[in-house]
Amino acid sequence: MKRKFRNIIASITTLVLVYIFYTGIVSLLAGLGYRGKYQPAGEANIIVITAALIILLPFVTYYIITTIKYRRRKALADKKRILTKKTVNPKSIKLIKYNGKDISYYTTKAGKLEKEEINSVVMEIPIDGILKKYSFNTTKSLDAIQIALYLQKEVTIVLDENEFIVSTDFNFLK
């Protein structure tokens, strides 16, 4: 019951604030002498312009403050996120699931429609003695994936602070 009442009060408050903002914009236009699309502009009225600016000032300051706070929070979150890079021997990576007929779709290349088979791959990557699962989609076959992994000297894995895999340099497989 209290939530409904709070939601009703919040929506009424929002409507009142939108009405006040709209009134401020209309007052500003009227103070500047705007009379409509087909009428010539009139003289500016300093008193009405001042009243309109006083009405709009809290909205502008609120917008500026929230924008600054949002940018600070975003910068702080980016600083907090610690990413670590680790290199892994690709010969120790195991393919645990390969689904060769998972997804197929049509794509346009040079004006033609071609069918592509998308294969979903799940790998186990040993990082500091712990096996992490990583899945991705590729158009390569199982043999091509195994050969590409065998030919690589090292694979770079990017981990976040919770040891989850954020990205890999498996671009040679896609």
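Within the bounds of segment 94-102, is there any residue that is within 34 Å of the chain's Cα centre (by Cα), modelled with pLDDT under 75 and loosely packed, with under 10 Cβ neighbours inside 10 Å?
Yes, that holds for at least one residue.
Within segment 2-41, track down each residue that is more than 20 Å from Y63 (Cα to Cα) and aromatic (F, W, Y).
Passing the criteria: F5, Y34, Y38.
Would you please list the contacts, defined by Cβ atoms under 9 Å and residues six or more apart or on different chains, that run from a residue in segment 56-75 that is in contact (Cβ under 8 Å) with a residue 12 or more places away in the chain and at positive phi to a residue that is assigned to a helix (DSSP H, G or I) and not acidic (D, E)?
Note: no pairs meet the criteria.
From (1) assigned to a helix (DSSP H, G or I); (2) under 30 Å from N137 (Cβ atoms), pick out the condition that doesn't hold for I96.
The one condition I96 does not meet is (1).
Which condition from (1) at pLDDT 90 or above; (2) within 28 Å of the chain's Cα centre (by Cα); (3) of a type in the set (A, V, I, L, M); (4) surrounded by 11 or more Cβ atoms within 10 Å (Cβ to Cβ) is the one that L53 breaks?
It is condition (2) that L53 fails.
Within segment 34-49, can one find any residue that is modelled with pLDDT of 75 or more, assigned to a helix (DSSP H, G or I), small (G, A, S) and farther than 30 Å from A148 by Cα?
no
Please indicate, with yes or no, whether at least one residue in segment 107-125 is part of a strand (DSSP E or B), surrounded by 13 or more Cβ atoms within 10 Å (Cβ to Cβ), at pLDDT 75 or above and among the small types (G, A, S).
Yes, there is a match, as at least one residue in segment 107-125 is part of a strand (DSSP E or B), surrounded by 13 or more Cβ atoms within 10 Å (Cβ to Cβ), at pLDDT 75 or above and among the small types (G, A, S).
Can you name the residue in segment 135-154 that is in a strand (DSSP E or B) and touching a helix residue (DSSP H, G or I) at 6+ places or on another chain (Cβ under 9 Å) and, of all such residues, is surrounded by the fewest Cβ atoms within 10 Å (Cβ to Cβ)?
Residue satisfying both the conditions and the ranking: F136.
The values are calculated or read from the model by the stated rules, or taken from the named source; none is laboratory data. As the structure is a computational prediction, the values presented were derived from the model and not from experiment. Here the Cβ is made from the backbone with ideal geometry for all residues, glycine too, and neighbour counts use every protein chain on show.
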